[in-house]
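What follows is a single structure, written as structure tokens, with notes after it.
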2 protein chains.
Amino acid sequence: MTAISSPARRDSALTATESLAQARSVATPAIDAAVLRLCPTLRPAVCDHLAGGGKFVRAGLVLASAAAAGADGRAGVVGAVAIELVHNFSLIHDDIIDGDLERRHRPTLWAAHGVGHAIIAGDALATLAFQVLLEEPTVERVRAAGRLAEATQEMIAGQAEDMALELRACLSVEECLHMEAGKTGALLSCATGIGAILAGAPEPTIEALSDFGRHLGIAFQAVDDVLGIWGEPSVTGKPVGNDLRQHKKSLPIAIALARGAALPSGFESMLERELTEAEVAKATLLLEQCGARQETLAIGELQLRAALAALERVPLSPGPRAELAAIARYVTERDR
Amino acid sequence: MTAISSPARRDSALTATESLAQARSVATPAIDAAVLRLCPTLRPAVCDHLAGGGKFVRAGLVLASAAAAGADGRAGVVGAVAIELVHNFSLIHDDIIDGDLERRHRPTLWAAHGVGHAIIAGDALATLAFQVLLEEPTVERVRAAGRLAEATQEMIAGQAEDMALELRACLSVEECLHMEAGKTGALLSCATGIGAILAGAPEPTIEALSDFGRHLGIAFQAVDDVLGIWGEPSVTGKPVGNDLRQHKKSLPIAIALARGAALPSGFESMLERELTEAEVAKATLLLEQCGARQETLAIGELQLRAALAALERVPLSPGPRAELAAIARYVTERDR
């Protein structure tokens, strides 16, 4: 599925794929080395979780941002490691909270090893991120660690709002966007921001790259929301209508609720009770028919453009700048 | 119950009580200010948990260590806040893992607000500790943050070992002490160590105060282990025989198992299955009779002495040094 169309799709996707593959090959050995510092009791479950893969979008953003801001060599690697550790900590805890049994076509950590083990495995990864950044406390790494702590807190706030919204019958588009800016935007903004920080870039560059990441995060989440309702289960690795079943108040829902009168009267109650297969299919169709899918993608498209515009605000190395743009297009075109 | 006797008990206990009351009155407003940075959705549950009180031993150790190492005024306060935040994060997550319904005579956070809410409330407090230390990144605070990350990882490792031991039928006294040094010793050692770090103390002072905290942590845990089996429920706020019911492999159990032949043949199997009231009482009596209670207290006494000896290794301000010694005696004499 092409979530957001783009004329340069084929070429940019190819470049983004290469860029993320490179990020994976650079970050993986460094993450593996960091994980060796965890206690032997926790390591097998953590390695099992990490072996599931992932897209390495956040590592790729740190490394490309550092390069775009003029870093030489491996300055960004420690940031890529720290961001991926925090990202995986959040996945492990979110899977417990959402009761998700599978991720990346494998049992989630809590499903395989128990809730208690998953709680402390997540705690261990979050802590490890700060250990990695603070063990050689240069000015840049210390600033990156402070930035990561702030972003992690924003991400947690987004997750808390998300949970609170699941229990409510209604929400506005603004509330939803605020929650998603925290849940996804904060860490992506941190990824591109600390890339620039670790490169020793000037303030305007750090700000422009942070803004790029924040807008991209919201676009990323808009696509995630579309996939959560219309994604192909065999590709996403999640059951059909997962978000509807779990009463997730995502962007398509907020948009549909804002339509109010245009929706059949039974729609709102479907957001609160257990749904049958047929009802999930019906709700999905209603969301499509009221234009919620198209409008969610339009919001994503707008945020993608704002992200790309931020890249033009400051001087950046042209190659890595193109790489960042390519990653941005790629993640808003993904089908998983 | 006087867990570990001491000739100077009455006077030192009084001084320790005053010292901890002062730590509470200094740390509480600073913790409250930090908690305002959490998202409004999480704050009520966190405030509810914090309102339960606690002994403020860790805050007291940071502040007294900073003063003993010559800090002027409020240099240690930020460390006291960070340590108490990490301590409370660990309590909130441990209560989920252990399935404990009550703490400090009140429902635990997960029991009152659900597991998901408790997971992210704990995550938020852990993250807040690093925000607090890194927002004004002086050399001392950065070093304190690095030390806190290492200690938090050690504490998590101790908790992981503790959980793994619950599933095993046997353990050695050494394994148990190693686990307890991580679970409790790491954070107490960090408390006294960062007190010295924030005071700008020389290396030998930082090391001596860290050693004091580590030995004290093991002594503290030995007393905790005794209270977990023989504590008075109306005072501890935990049910009778809580540790035996939960198959906690604490020091008295490790000591009893080391006695081997001296125990009745049914004892080992009692560590693995559901116990009736009568069986809990029987196991408690067997542990007492084989000397496990006395030997646990003797280990605590030995560690307390090692802690006090560490205080004599370096020059310290006499008043705060006496305060540290008083806190050490107080926490190893406590009945809750």
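Details
- The convex hull built on the alpha-carbon positions of the range A:193-336 has an orientation-averaged projected area of 9.8 nm².
- When B:Thr17 is represented by a point 7 angstrom out along its Cα-to-C-beta vector, the spacings to that point in the other copies are 7.3 nm, nearest first.
- When each of A:Lys183/B:Lys248; B:Lys55/B:Lys282; A:Lys55/A:Lys249 is checked by Cα-Cα distance, pairs over 30 Å: A:Lys183/B:Lys248; B:Lys55/B:Lys282
- Other protein chain C-beta atoms within 10 Å of residue C-beta, averaged over A:138-147: 3.
- Quotient of C-alpha Rg and 2.2 N^0.38 Å, computed over the range B:201-261: 1.52
- Acute angle (nearest 10 degrees) that the helix B:9-35 long axis makes with the longest principal axis of chain B, alpha-carbon atoms: 60 degrees
- Cleavage-rule hits, GluC sites (Glu not before Pro), the range A:230-304, DSSP coil, Cβ neighbours within 10 Å at most 12: A:Glu272, A:Glu274
- Cα-based helix-to-principal-axis angle, B:77-98 vs chain B, degrees rounded to 10: 30 degrees
- Approximate shape of the range B:257-317 as ellipsoid semi-axes (Cα gyration tensor, √5λ), whole Å, largest first: 37, 12, 9
- Over the protein assembly as shown - Rg/Rh using Cα atoms and the Kirkwood inverse-distance radius: 1.01
- For the range A:285-336: span of alpha carbons on each principal axis (Å, largest first): 46, 22, 8
- For residues of A:111-124, the mean tally of beta carbons on other chains within 10 Å: 5
- Summed buried accessible area for A+B [probe radius 1.4 Å, Å², rounded to 100]: 2800 Å²
- Based on C-alpha pairs under 8 angstrom that are at least 6 apart in sequence, chain A has a relative contact order of 26 percent.
- Scaling against 2.2 N^0.38 Å puts the C-alpha radius of gyration of chain B at 0.97.
- Rounded to whole Å, the principal axis extents of the Cα atoms in the range B:168-225 read 47, 18, 13, largest first.
- Percentage, to the nearest whole number, of Cα pairs in the range A:1-150 over 22 Å apart: 45 percent
- Length-normalised contact order for the range B:15-82 - Cα pairs under 8 Å, 6+ apart - percent: 44 percent
- Chain B: angle of helix B:203-230 to the longest principal axis, Cα-based, in degrees nearest 10: 30 degrees
The values are calculated or read from the model by the stated rules, or taken from the named source; none is laboratory data. If you're wondering where the values come from, they're calculated on a predicted model, not measured in any experiment. As a convention, Cβ positions derive from the backbone with ideal geometry for all residues, glycine included, and neighbour counts pool all protein chains shown. Each accessible area value is taken on the protein alone, full model and side chains, heavy atoms only, with ligands, DNA and RNA left out. Shrake-Rupley method; radii C 1.70, N 1.55, O 1.52, S 1.80 Å.
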